[in-house]
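Quick notes on the structure that follows.
The values are calculated or read from the model by the stated rules, or taken from the named source; none is laboratory data. What you see is a predicted model, and the numbers here were worked out from it, not measured in a lab. Please note: Cβ atoms are built from the backbone with ideal geometry, for glycine as well, and neighbour counts cover all protein chains shown.
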Amino acid sequence: MKKATLIFSLMIALGFANYANAQKDFRFGLLINPSLAWLGNDTENLDNSVRGKFGFGLVADIAFSERYSLLTGVNYMGRGGKVEDSDFAATYSSNYVEVPFALKMSTAQLDKMTYFAKFGGTLGILANEANSTFSQKGNIALPDGLNDRRAAGLFHTSFLVGLGTEYELRGGTSLVGGIDLNLSFFNNIRSRTKPFADNPTLRYNQVSLFIAVLF
């Protein structure tokens, strides 16, 4: 799986590089994404705990008009969280190679500052085996057949929305900062790695800071 993920990442990076050579309104840069992550669910008896995560990668800003552009790139992103009910607790942690696609809508520039909103989605492929740990409360034993490996699905898709600002530095370089909300569309955790009796839907959600330098 690691080889396939590496090939997938290299193909995307090469594609962006080739596109950059052919476009004038194309900016490329580096980013980091410190975040707070949790497991979204629709079950009332489950409590969530937030976990700190981190991501990094490459970002591409492809302009198609003065104030509109496509934000994309390739990121290595950590996701996870902890959930518990009255009987059991489970913690999940995964790393994904992700490709975001978002429409960026910017204001006019004022004193080298531009403000923007973005919305779109994210596609991800699992980069390594997901880690999971389980514990029981009281004298209740963990269910038989519980598996602590391959907890997360191979792919994930999520909704992305964010707000940010861009400050123009010298020579066309810009410093970009903002905050993103990323909500998974579907269940991300396999049934055999859930100790809970009702097999709840668990989705990788997070709020991230978006800090980038565009060249």
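Tell me yes or no: at least one residue of the stretch 85-108 is on the phi > 0 side of the Ramachandran plot and out of contact with any helix residue (DSSP H, G or I) (no Cβ under 9 Å at 6 or more places or on another chain). Spell out how you get there, then give the answer.
First, the residues of the stretch 85-108 that are on the phi > 0 side of the Ramachandran plot: none.
No, that holds for no residue.
Just to be sure before I move on: is N187 in a loop (DSSP other than H, G, I, E, B) and under 17 Å from N75 (Cβ atoms) in the structure I sent? Walk me through how you get there before you give the answer.
Details: in a loop (DSSP other than H, G, I, E, B): yes; under 17 Å from N75 (Cβ atoms): no.
For N187, the condition - in a loop (DSSP other than H, G, I, E, B) and under 17 Å from N75 (Cβ atoms) - is not met.
Filter the stretch 49-61 down to residues that are farther than 18 Å from I125 by Cβ, free of Cβ contacts under 8 Å to residues at least 60 places away in the same chain and either in contact with a Phe, Trp or Tyr (Cβ under 6 Å, 6 or more places away or on another chain) or surrounded by 19 or more Cβ atoms within 10 Å (Cβ to Cβ) (or both), then give me how many there are.
Total meeting the criteria: 3.
Across the stretch 62-100, which residue is surrounded by the most Cβ atoms within 10 Å (Cβ to Cβ) among those that are more than 18 Å from the chain's Cα centre (by Cα) and closer than 18 Å to E166 by Cα?
In this case the residue turns out to be S69.
Filter the stretch 32-48 down to residues that are in a strand (DSSP E or B) and free of Cβ contacts under 8 Å to residues at least 40 places away in the same chain and give me whichever is nearest to I179 (Cα to Cα).
N48
Go through the stretch 130-147 and give me each residue that's over 16 Å from N188 (Cβ atoms) and surrounded by 14 or more Cβ atoms within 10 Å (Cβ to Cβ).
First, the residues of the stretch 130-147 that are over 16 Å from N188 (Cβ atoms): 133-146.
Within the stretch 130-147, F134, P143, L146 qualify.
Give me a count of the residues in the stretch 122-132 that are in contact (Cβ under 8 Å) with a residue 60 or more places away in the chain and part of a strand (DSSP E or B).
4
Of (1) under 25 Å from N205 (Cβ atoms); (2) surrounded by 16 or more Cβ atoms within 10 Å (Cβ to Cβ); (3) at pLDDT 90 or above; (4) not small (G, A, S), L103 satisfies all except one. Which?
(2) is the only condition that L103 fails.
Checking the condition of a type in the set (F, W, Y), assigned to a strand (DSSP E or B) and farther than 21 Å from V213 by Cα, which residue from F101, F159 passes?
Values: F101 fails: farther than 21 Å from V213 by Cα.
On inspection, the qualifying residue turns out to be F159.
In the stretch 127-149, what residues are within 23 Å of V74 (Cα to Cα) and at pLDDT below 85? Write out each step before concluding.
Step one: of the stretch 127-149, the residues within 23 Å of V74 (Cα to Cα) are 127-131.
Of everything in the stretch 127-149, those that are within 23 Å of V74 (Cα to Cα) and at pLDDT below 85 turn out to be N128, E129, A130, N131.
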